[in-house]
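The values are calculated or read from the model by the stated rules, or taken from the named source; none is laboratory data. What you see is a predicted model; the values in this text were computed from it and never measured. Reconstructed Cβ throughout: ideal geometry from the backbone, glycine too, with neighbour counts over all protein chains shown.
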Amino acid sequence: MLRTPLLVAARSTACRTLVERAPVTRGLVARFVAGSTQEQALPAVEKLAEDRLITLDHLGEDTTELAQAEATVTAYSRLLCELGRRGLAGRAEVSVKLSAVGQFLPADGEKVALDNARRICEEAAAVGTTVTLDMEDHTTTDSTLGILRDLRVDFPWVGAVLQAYLHRTEADCRDLRSAGSRVRLCKGAYDEPASVAYRDKREVDRAYVRCLKILMAGDGYPMIASHDPRLIAIAGKLAEDTGRAPDTFEYQMLYGIREAEQVRLAAEGNRMRVYVPYGDEWYGYFMRRLAERPANVAFFARSLVSR
Ligand code: FAD
């Protein structure tokens, strides 16, 4: 019941001010966000890299100014350089939201986002790692997949997220299941209308399994981004049934969520990647994490009241 209002609040400037100013917020944000700066996040990354793989997200989205998009590219360049310098590039890649690098800018936003994403890919290639494009709300899906296609001409290892809750996604999985294609399959975190997405949890879960079957039976590299124990078990079974070796797919979870399960999957010889966000622009990301789990909201509300 709370999911929709929280996801609407995730895009409200008034709510943003309220939540950012609440004194208790910082502590809660720290559960999901590895630090406000690269320097703060990297020790957590080095620790995780002992047994897991990582994808780093420099937080930011819905950029409306060219200068801000440019600053995001600079932040990714600095990060990639540092991953190379610290010898982490073999275990850590980056995730990029195209709206953070200009996709929503008026007039030529898509071109700006493509050029900026290309620059990030060049830096990633230089240090020997990969880039995955996050997926935002459904109005951006065609544009993001178009940019993915363009980037993959020069950087065939660029991956993208597909969201199982969208009606279109089974078809997108079929398009993206060929050799070399890296697809991160998640349920989907935005408030989408019933005209384009399943809204019932059981329907989303069923759609996830259908998409997973397509990807696991294909020749690409599926990235199973879910904390759902049932889906993780189904993925393991599909890997057995399709004869996939452990290095031909991976599990992925978000920083701060189901840590023990991350450790277990890694210890069993699976490739397990953690999505690690950092930076000051945590508001939208944090609100989506609250929306995913009522217990997080209850905890947040209790902390506000008990002060
Ligand atoms: P759920 O049924 O939501 O959760 C299963 C269990 O996981 C819960 O019972 C709980 O124990 C635990 N859990 C899940 N969420 C939380 C939480 N917030 N706090 C505490 N416990 C929790 N979505 C997009 O729309 N676009 C993206 O680009 C995108 N990238 C992602 C990348 C990765 C690596 C991951 C793991 C998720 C990403 N998501 C993205 C989010 C995703 O769409 C879901 O909203 C999110 O993962 C919750 O779905 P679930 O599959 O974990 O299942």
Quiz item: (1) of a type outside the set (D, E, K, R); (2) away from the ligand (no atom under 16 Å from the Cβ); (3) modelled with pLDDT of 95 or more; (4) closer than 27 Å to V8 by Cα: which one isn't true of P106, the others all being true?
Solution: (3)
Exercise. Return only the number of the condition from (1) of a type in the set (S, T, N, Q); (2) more than 14 Å from the ligand (Cβ to nearest atom); (3) touching a Leu at 6+ places or on another chain (Cβ under 6 Å) that T169 does not satisfy.
Key: (2)
Quiz item: Of the numbered conditions (1) crowded, with 18+ Cβ neighbours inside 10 Å; (2) within 17 Å of the chain's Cα centre (by Cα); (3) among the acidic types (D, E), E110 satisfies every one except a single condition; which is it?
Solution: (2)
Quiz item: Considering region 50-67 alone, what residues qualify as being over 30 Å from L265 (Cβ atoms) and in contact with a helix residue (DSSP H, G or I) (Cβ under 8 Å, 6 or more places away or on another chain)?
Solution: D62, T63, L66
Quiz item: Quick check: anything in region 46-66 at pLDDT below 95, hydroxyl-bearing (S, T, Y) and surrounded by fewer than 16 Cβ atoms within 10 Å (Cβ to Cβ)?
Solution: yes
Exercise. Would you be able to say whether some residue in region 242-253 is within 9 Å of the ligand (Cβ to nearest atom), within 26 Å of A30 (Cβ to Cβ) and surrounded by fewer than 17 Cβ atoms within 10 Å (Cβ to Cβ)?
Key: no
Quiz item: Within region 209-231, how many residues turn out to be within 12 Å of the ligand (Cβ to nearest atom), surrounded by 14 or more Cβ atoms within 10 Å (Cβ to Cβ) and under 22 Å from R52 (Cβ atoms)?
Solution: 8
Exercise. Kindly list, by first and then second residue, each pair from a residue in region 115-143 that is within 16 Å of the ligand (Cβ to nearest atom) to a residue that is among the basic types (K, R) and modelled with pLDDT of 95 or more, limited to pairs with Cβ atoms under 6 Å and residues at least 6 apart or on different chains.
Key: T132/R184; D134/K97
Quiz item: Which of the following residues is over 30 Å from Y198 (Cβ atoms) and small (G, A, S): G109, G90?
Solution: G90
Quiz item: Across region 291-307, what is the total count of residues that are of a type in the set (D, E, K, R), without any contact (Cβ under 8 Å) to a residue 24 or more places away in the chain and either within 14 Å of the ligand (Cβ to nearest atom) or surrounded by 13 or more Cβ atoms within 10 Å (Cβ to Cβ) (or both)?
Solution: 1
Quiz item: If you scan region 146-188, which residues turn out to be of a type in the set (S, T, N, Q) and closer than 19 Å to S99 by Cβ?
Solution: Q163
Practice problem: Scan region 260-277 for residues that are assigned to a strand (DSSP E or B) and basic (K, R) and report the count. | Solution: 1
Quiz item: Within region 85-101, can one find any residue that is surrounded by fewer than 18 Cβ atoms within 10 Å (Cβ to Cβ) and touching a residue at least 60 places away in the same chain (Cβ under 8 Å)?
Solution: no
Quiz item: Pairs, please: C-beta under 6 Å, at least 6 apart or cross-chain, first residue closer than 20 Å to L176 by Cα and in region 221-250, second within 16 Å of the ligand (Cβ to nearest atom) and small (G, A, S)?
Solution: I224/A235
Quiz item: Within region 72-106, can you find the residues that are more than 18 Å from the chain's Cα centre (by Cα) and under 16 Å from T139 (Cα atoms)?
Solution: F104, L105, P106
Quiz item: Out of all the residues in region 1-42, which are assigned to a loop (DSSP other than H, G, I, E, B) and of a type in the set (F, W, Y)?
Solution: none
Quiz item: Counting just the residues of region 260-307 that are β-branched (V, I, T) and modelled with pLDDT of 95 or more, which one comes out farthest from P229 (Cα to Cα)?
Solution: V276
Self-check item: Residue satisfying condition, being of a type outside the set (K, R), more than 24 Å from A126 (Cα to Cα) and free of Cβ contacts under 8 Å to residues at least 12 places away in the same chain, within set P23, P106
Solution: P106
Self-check item: Lone unmet requirement of (1) part of a helix (DSSP H, G or I); (2) more than 20 Å from A113 (Cβ to Cβ) for L151
Solution: (2)
Practice problem: State the number of residues belonging to region 265-290 that are small (G, A, S) and within 8 Å of the ligand (Cβ to nearest atom). | Solution: 0
